[in-house]
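The values are calculated or read from the model by the stated rules, or taken from the named source; none is laboratory data. Note that the structure is a prediction, hence the values are computed from the model and not measured. So basically every Cβ, Gly included, is an ideal-geometry build from the backbone, and we count neighbours across all protein chains shown.
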Amino acid sequence: MLYKSTLALGAALSAGLAFAASAETVIKVGHGAAEAFHMHRALLKFEELVEAGSDGEIDVQIFPSSQMGPDREMIEGVQTGVLEMAIPPSSFFAGWDPAFAVIELPYMYASKDIAFDVLDSEAGDEMLARIGNQGLVGLGWLELGVRNVTNNVRPIASPEDLDGVKLRTMKVPAHVATFETLGANPTPMNFGEVYSALQQGVIDGQENPLAIITSQRFYEVQKYLSTTAHLFAVYIPVVSKPFFDGLSEEHQALVRESMAAARVYQAELVAAEDAAQLEQIRASGVEVLELTAEQRQAFADKTESVRLQYRDEVGADTFDRWVAAVNAASGM
């Protein structure tokens, strides 16, 4: 797998070499989203701040749309030093450390604000610190978003409506377990393959935040959107630990501060665009069903077994600390 990752990265890396000559340090950053997605635009802010703050001593080069390979390969690229930075979803780290699965369990948070309160709490700091065991430095959290279901079979108003729907999911066991429990036929698939699979009818549907549904134009090949809001997902920007340790303290601080500022900028983009994206999807001809709190509760109740199952997989102490942080953020 590592050899394969190196081959996948090689061609993309060569494109940036010509720009590196004038800078003492190059930070190549890979991610899987389209350039229109808010996370990519937040990274452009990161690039701007790092390059200006270092007086040009650091050259940040961003490679979107899985140019550096799928997320797992990008993580491995950072671990081996082939790539300096990657921005994968947090759920991929569960492949190395099961504790990370707790972040993206179904219906864990009543709102996005509560989720971020937990991520910014001591429990979230402890989770980021665990990334050090993987040869990486975690630089915080960036929003992926609240995930919703689209499909070509029927509107999804209740768990029963998912029965038999062939739904693309990420290659994340907790996501697969969630949709198995809800009666769907979950089909893990690399992100870059989803549009053509929907277009060709290989799958009936997929689940993603509104910003990804619009930036990837999934609405062109889907008939129904239901705001199931089944989980909130985040990215973890990670940097190679040997590379980061080799930076000066000043540049380490600059990288951390610039990523924190990029997150603030991303939140502004998301707040400004969410409603417009739903209208864009509706205007394209997709039938939009906005679920009530009561309807969502039926999905939450149905997936309680998944959350309880992962208490054992995550580890009871870690799971209970996370749930305690959720309860504290919820005022319970």
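I need the full set of residues from region 72-125 which are among the hydroxyl-bearing types (Ser, Thr, Tyr) and closer than 30 Å to ALA293 by Cα, in order please.
So the first thing to find is which residues in region 72-125 are among the hydroxyl-bearing types (Ser, Thr, Tyr), and the list is 80, 90-91, 107, 109, 111, 121.
Across region 72-125, the qualifying residues are SER90, SER91, TYR107, TYR109, SER111, SER121.
Check whether at least one residue in region 261-279 is in contact (Cβ under 8 Å) with a residue 24 or more places away in the chain, touching a strand residue (DSSP E or B) at 6+ places or on another chain (Cβ under 7 Å) and farther than 22 Å from ILE62 by Cα, and report yes or no.
So far as region 261-279 goes, yes, one or more of its residues are in contact (Cβ under 8 Å) with a residue 24 or more places away in the chain, touching a strand residue (DSSP E or B) at 6+ places or on another chain (Cβ under 7 Å) and farther than 22 Å from ILE62 by Cα.
Conditions (1) in contact with a Phe, Trp or Tyr (Cβ under 6 Å, 6 or more places away or on another chain); (2) more than 20 Å from MET259 (Cβ to Cβ); (3) not polar (S, T, N, Q), marked per residue:
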position: ASP71; (1), (2), (3): yes, no, yes
position: GLU76; (1), (2), (3): no, yes, yes
position: ILE87; (1), (2), (3): yes, no, yes
position: SER91; (1), (2), (3): no, no, no
position: ALA94; (1), (2), (3): yes, yes, yes
position: ALA101; (1), (2), (3): yes, yes, yes
position: TYR107; (1), (2), (3): no, yes, yes
position: SER111; (1), (2), (3): no, yes, no
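Going by the structure shown, is ARG154 surrounded by fewer than 18 Cβ atoms within 10 Å (Cβ to Cβ), modelled with pLDDT of 95 or more and assigned by TED's automatic domain parsing to the domain that holds ALA94? Please lay out each step first, then the result.
Values: surrounded by fewer than 18 Cβ atoms within 10 Å (Cβ to Cβ): yes; modelled with pLDDT of 95 or more: yes; assigned by TED's automatic domain parsing to the domain that holds ALA94: no.
In short, no.
Among the numbered criteria (1) at pLDDT below 95; (2) assigned to a loop (DSSP other than H, G, I, E, B), which single criterion is violated by SER91?
For SER91, the exception is condition (2).
Can you tell me which condition SER65 does not meet? The list is (1) in a loop (DSSP other than H, G, I, E, B); (2) buried (at least 20 other Cβ atoms within 10 Å of the Cβ); (3) not aromatic (Phe, Trp, Tyr), and all the others hold.
The single condition SER65 does not satisfy is (2).
If a residue must be at positive phi and surrounded by fewer than 20 Cβ atoms within 10 Å (Cβ to Cβ), how many such residues does region 78-124 contain?
1
Mind listing just one residue for me: the one in region 30-57 that is buried (at least 17 other Cβ atoms within 10 Å of the Cβ) and without any contact (Cβ under 8 Å) to a residue 60 or more places away in the chain and, of those, nearest to SER258 (Cα to Cα)?
For region 30-57, the residue satisfying everything is GLU47.
Please report, ordered by residue number, the helices (runs of 4 or more DSSP H) entirely within region 157-271 with at least 2 residues that are at pLDDT 95 or above, β-branched (Val, Ile, Thr) and within 30 Å of ARG130 (Cβ to Cβ).
Here the list reads 173-181.
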